[in-house]
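Participant: Sharing a structure below in structure tokens format, with a few things to ask.
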Amino acid sequence: MTTILFQIENGVATLTLNRPDRLNSFNTDMHAELKDALKQVQDPANKVRCLLITGAGRGFCAGQDLSDRAVAPGNDTPDLGESIDKRYNPLIRTLRALEMPVICAVNGVAAGAGANLAFACDIVLAARSASFIQAFCKIGLVPDSGGTWTLPRLVGQARAVALSMLGDKVSAEQAEAWGMIWKCVDDDQLQAEAAKLAAQLATQPTKGLALIKRALAASSTNTLDQQLDLERDLQRLAGRTRDYQEGVAAFMEKRVPTFQGM
Ligand code: T3D
């Protein structure tokens with residue numbers, strides 16, 4: 001792998017976007033390597049129970065590498081719909097469907113699809129110096145990678161519209177205050193905090209956490225009645241896990257539970 005760094009250790013897969021000279025912007029190689037890495041994350045043989053995504057260098061991810069999009073006058077423009085269909089949408093769909101918590105440690109600027117990649121993750125930590133930019137409007141594009149879905153849900157319609165149309169930079173502190181991310185931490189604490197959180201989540205009841213993820217994702221389109229039914233169905237599944245049995249047993253025996261993630 002040349003565009004990302006990837007390792008699996010103690011149930012945590014850590015994926016680092018690694019094109020720092022281009023602020024870790026996406027090119028086709030990086031998309032391909034991300035796809036391969038996520039296949040490894042999904043492979044039960046690798047026993048991954050938490051995914052942590054971050055970036056190398058001073059940026060998190062500046063979205064699409066625009067040097068791959070410059071078109072000489074008279075030449076055809078690339079089909080961006082195809083690019084979204086083949087690369088960005090599968091990436092976001094895979095992350096949303098991963099049956100484990102996905103943490104994003106935003107180490108610097110997150111722009112365009114880079115910002116929306118972060119918002120597709122389950123828990124977002126950001127370095128105090130990091131920022132989020134819906135940069136699309138500045139080059140005549142529409143927020144993609146799920147941004148028009150996640151952003152209004154995270155910050156409300158008024159802020160989502162203004163951020164999408166103005167492309168203003170949102171500081172990590174502002175993002176935390178608006179509920180756009182979980183929390184911002186001092187720059188020199190980010191990687192340690194993210195690793196600690198990932199290690200903690202990798203010891204939790206992974207199936208239960210995956211069911212929580214499913215329930216919360218469905219809540220944005222379900223009615224209350226539909227959501228109550230879904231909670232019943234998911235609780236039935238959760239109640240059949242070994243980790244539930246272990247959680248109850250540990251509580252009754254006044255000891256710390258040992259969850260296996262199943
Ligand atoms: O095309 C499709 O397939 C459709 C999908 C699109 C998804 C998208 O993400 S579209 C949006 C693309 N991204 C952007 O428009 C953001 C462009 N970048 C910026 O606006 C700024 O770089 C930042 C605000 C992110 C950071 O600004 P700053 O001042 O901290 O850094 P910089 O000096 O602009 O960038 C540092 C270097 O990274 C620089 O290279 P250099 O001059 O040192 O050789 C810059 O050109 C390069 N860089 C930054 N972003 C990109 C990039 N190179 C290529 N593509 C980039 N997106």
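Participant: For THR221, only one of the following conditions fails: (1) modelled with pLDDT under 95; (2) in contact with an Asp or Glu (Cβ under 6 Å, 6 or more places away or on another chain). What is its number?
Facilitator: Of the numbered conditions (1) modelled with pLDDT under 95; (2) in contact with an Asp or Glu (Cβ under 6 Å, 6 or more places away or on another chain), the odd one out for THR221 is (2).
Participant: If a residue has to be more than 16 Å from the ligand (Cβ to nearest atom) and under 15 Å from ALA115 (Cα atoms) to count, how many in segment 162-172 make the cut? Spell out how you get there, then give the answer.
Facilitator: Taking segment 162-172 first, the residues more than 16 Å from the ligand (Cβ to nearest atom) are 162.
Applying the additional criterion that residues be under 15 Å from ALA115 (Cα atoms) yields none.
Number of matching residues: 0.
Participant: I need the full set of residues from segment 117-161 which are of a type in the set (S, T, N, Q) and away from the ligand (no atom under 11 Å from the Cβ), in order please. Give the derivation first.
Facilitator: First, the residues of segment 117-161 that are of a type in the set (S, T, N, Q): 129, 131, 134, 145, 148, 150, 157.
Answer for segment 117-161, where residues must be of a type in the set (S, T, N, Q) and away from the ligand (no atom under 11 Å from the Cβ): THR148, THR150, GLN157.
Participant: Determine if segment 182-201 includes at least one residue that is within 23 Å of ASN89 (Cβ to Cβ) and more than 16 Å from the ligand (Cβ to nearest atom). Spell out the reasoning first.
Facilitator: Start the filter on segment 182-201 by keeping residues that are within 23 Å of ASN89 (Cβ to Cβ), which leaves none.
For segment 182-201, residues within 23 Å of ASN89 (Cβ to Cβ) and more than 16 Å from the ligand (Cβ to nearest atom): absent.
Participant: Would it be correct to say that LEU224 is within 29 Å of PRO44 (Cβ to Cβ), free of Cβ contacts under 8 Å to residues at least 24 places away in the same chain and loosely packed, with under 13 Cβ neighbours inside 10 Å?
Facilitator: no
Participant: In this structure, does MET30 turn out to be modelled with pLDDT under 95 and aliphatic (A, V, I, L, M)?
Facilitator: When the stated conditions are applied, MET30 does not pass them.
Participant: Within segment 157-193, track down each residue that is of a type in the set (Lys, Arg) and touching a Ser or Thr at 6+ places or on another chain (Cβ under 6 Å).
Facilitator: First pass over segment 157-193, keeping only residues of a type in the set (Lys, Arg): 159, 169, 183.
Hit for segment 157-193 is LYS169, nothing else.
Participant: I need every pair where a residue in segment 128-139 that is of a type in the set (Gly, Ala, Ser) has its Cβ under 6 Å from the Cβ of a residue that is within 9 Å of the ligand (Cβ to nearest atom), sequence separation at least 6 or different chains.
Facilitator: Listed pairs, sorted by first residue: ALA130/GLY108; SER131/VAL109; SER131/LYS169; ALA135/ALA111; ALA135/GLY112; ALA135/GLY167.
Participant: Restricting segment 57-95 to residues that are open to solvent by less than 40 Å² (accessible area, probe 1.4 Å), within 13 Å of the ligand (Cβ to nearest atom) and of a type in the set (A, V, I, L, M), which is farthest from CYS121 (Cα to Cα)?
Facilitator: ILE84
Participant: Can you pull out every residue in segment 16-52 that is within 16 Å of the ligand (Cβ to nearest atom) and crowded, with 21+ Cβ neighbours inside 10 Å?
Facilitator: LEU17, ARG19, LEU23, ASN24, SER25, PHE26, MET30, LEU34
Participant: List every residue pair whose Cβ atoms lie under 6 Å apart, where the two residues are 6 or more positions apart in sequence or sit on different chains, the first residue falls within segment 151-164 and is free of Cβ contacts under 8 Å to residues at least 60 places away in the same chain and within 19 Å of LYS183 (Cβ to Cβ), and the second residue, located anywhere, is in a helix (DSSP H, G or I) and of a type in the set (A, V, I, L, M, F, W, C).
Facilitator: LEU151/ALA160
Participant: Of everything in segment 223-262, what is among the acidic types (Asp, Glu) and not in a helix (DSSP H, G or I)? Give them in sequence order. Full working, then the answer.
Facilitator: Filtering segment 223-262 down to residues among the acidic types (Asp, Glu) leaves 225, 229, 231, 233, 243, 246, 253.
Residue satisfying the conditions is GLU253 alone.
Participant: Okay, next question. Can you confirm whether segment 245-257 contains a residue that is surrounded by fewer than 17 Cβ atoms within 10 Å (Cβ to Cβ) and under 24 Å from the mean Cα position of the chain (by Cα)?
Facilitator: no
The values are calculated or read from the model by the stated rules, or taken from the named source; none is laboratory data. The model shown is predicted, which means the values in this text are computed figures rather than measured ones. Methodologically, a virtual Cβ is constructed for each residue, glycine included, from the backbone with ideal geometry; neighbour enumeration extends over all protein chains shown. When the accessible area is computed, the model is the full protein with side chains, heavy atoms only, and any ligands, DNA or RNA have been set aside. Shrake-Rupley method; radii C 1.70, N 1.55, O 1.52, S 1.80 Å.
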